[in-house]
1. If the requirement is being modelled with pLDDT of 95 or more and out of contact with any Pro (no Cβ under 7 Å at 6 or more places or on another chain), which of these qualifies: ALA74, ALA69, ALA45?
2. Given the conditions (1) without any contact (Cβ under 8 Å) to a residue 24 or more places away in the chain; (2) outside any loop (DSSP other than H, G, I, E, B); (3) within 24 Å of TYR298 (Cα to Cα), which single one is not true for ASN17?
3. Of all residues in region 25-51, which are closer than 19 Å to PHE80 by Cα, more than 15 Å from the chain's Cα centre (by Cα) and of a type in the set (D, E, K, R)?
4. Yes or no: PRO171 at pLDDT 85 or above and either open to solvent by 10 Å² or more (accessible area, probe 1.4 Å) or within 14 Å of the chain's Cα centre (by Cα) (or both)?
5. Among all residue pairs at least 6 apart or on different chains, which show Cβ distances below 8 Å where the first residue, located in region 268-297, is on the phi < 0 side of the Ramachandran plot and of a type in the set (Val, Ile, Thr) and the second is part of a loop (DSSP other than H, G, I, E, B) and at pLDDT below 90?
6. Please indicate, with yes or no, whether at least one residue in region 207-222 is basic (Lys, Arg) and more than 29 Å from LEU70 (Cβ to Cβ).
7. What is the residue count in region 280-291 for residues that are surrounded by 17 or more Cβ atoms within 10 Å (Cβ to Cβ) and at pLDDT 95 or above?
Amino acid sequence: MSNRSAVFGGAGFIGTNLVYQLIEDGQQVFNFDNLSGLGNLLNIAELMQQSRHSFARCDISNPEEIRQALLMAAADTIYFCITPKNPEEESSLENFRTFFETVKEWRNGMADTKLHKIVVVVSEHYKLLGTYGKMYAGLLKLLDSYASDGLPISSLLVPPAFGPFQQPDSPISMIIYRAIEGETIPVVNPEEKVSDLVYVKDVVDAIVLVEKNGKIGGHYHLTGTTSSMSNIEVADVICDSLNEALPPPVGRYQALIEEVTTSLIASDISKDESALTILGLQNKTSLGEALKKTVSWYLNNPRWYNQSRTRFFYLWQNPETVLKIA
């Protein structure tokens with residue numbers, strides 16, 4: 001494992017959790033984020049005074065900012081934890097192309113560079129969009145082309161993740177926000193079985209595993225946590241955790257649940273996973289345990305939660321934007 005790491009997107013959800021783990025592992029971490037999306041400086045506030053953590057703003061559409069970041073970090077490993085904002089657009093990968101082209105030029109011009117691995121983390125946040133499959137196939141080709149040009153790239157596709165530091169932009173976090181605030185909790189297709197969910201700590205373990213053992217040019221796929229729970233059972237676990245730790249003034253949080261039945265949303269472009277290698281991660285956290293840990297983290301970090309609920313007010317107040325309710 002490297003001693004100096006650069007994390008691009010290190011103030012976002014997955015990036016933040018990765019940064020904390022790398023520092024815990026004793027690494028020197030250089031953290032870069034443009035803070036224009038879900039990146040949040042409060043995520044890394046506790047790290048700002050640590051000698052093994054440095055933060056600077058960097059926009060991956062700006063080659064000069066990328067070069068400055070690379071010179072500053074002089075990293076052994078680069079972690080790229082940025083997901084396209086608009087995967088349905090043809091130009092969604094332009095910033096990625098700018099980033100990797102700049103890294104290639106920088107590496108070719110630095111005779112003494114120690115860079116030995118670039119781990120690209122691709123979130124499956126946009127799985128239900130029909131054009132996601134097209135974007136991901138384009139990204140694989142892009143990464144393959146730069147690997148052929150000599151960049152030491154490995155990629156990891158992760159299913160929808162949840163856990164600490166997540167804004168209310170996913171069903172799990174949205175349920176927690178709305179329950180704490182006493183708002184109705186829409187549960188779409190309550191009896192449908194949950195699939196393709198993974199705890200963010202397991203995602204971080206998988207990223208570290210790819211950095212350590214992943215082959216250059218390899219594309220890895222972390223599968224979701226095995227579970228027989230339904231959507232309504234997931235909401236029930238969250239509500240039970242809150243009932244115990246933060247009892248409501250009257251009744252139970254389950255009273256806030258509103259069941260919504262809608263037609264299933266399916267992609268019109270199937271995702272070709274033939275080029276992916278299933279990542280064998282041992283001892284993944286069970287879904288029930290992960291849900292309880294997540295609720296506990298939100299309640300134990302009130303300063304972060306209160307700032308987040310204000311900044312991302314629109315998301316948790318408008319669950320249809322998160323749940324894609326027809």
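The values are calculated or read from the model by the stated rules, or taken from the named source; none is laboratory data. Since the model is a prediction, treat every value here as computed from it, not as a measurement. Every residue, glycine as well, gets a Cβ built from its backbone with ideal geometry; the counts of neighbours run over all protein chains shown. The accessibility values were calculated without ligands, DNA or RNA, using every heavy atom of the protein model including side chains. Shrake-Rupley method; radii C 1.70, N 1.55, O 1.52, S 1.80 Å.
1. ALA69
2. If we test ASN17 against (1) without any contact (Cβ under 8 Å) to a residue 24 or more places away in the chain; (2) outside any loop (DSSP other than H, G, I, E, B); (3) within 24 Å of TYR298 (Cα to Cα), just (1) comes out false.
3. ASP25
4. Yes: the conditions hold for PRO171.
5. ILE269/GLY130; ILE269/THR131; ILE278/THR223; THR285/THR225
6. no
7. 2
So that you can scan it fast, the table gives a plain yes or no per residue for (1) in contact (Cβ under 8 Å) with a residue 40 or more places away in the chain; (2) under 25 Å from LYS114 (Cβ atoms); (3) charged (D, E, K, R); (4) open to solvent by less than 70 Å² (accessible area, probe 1.4 Å):
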residue: ARG4; (1), (2), (3), (4): yes, yes, yes, no
residue: GLN27; (1), (2), (3), (4): no, yes, no, yes
residue: LEU47; (1), (2), (3), (4): no, yes, no, yes
residue: PRO63; (1), (2), (3), (4): no, yes, no, yes
residue: PRO84; (1), (2), (3), (4): yes, no, no, yes
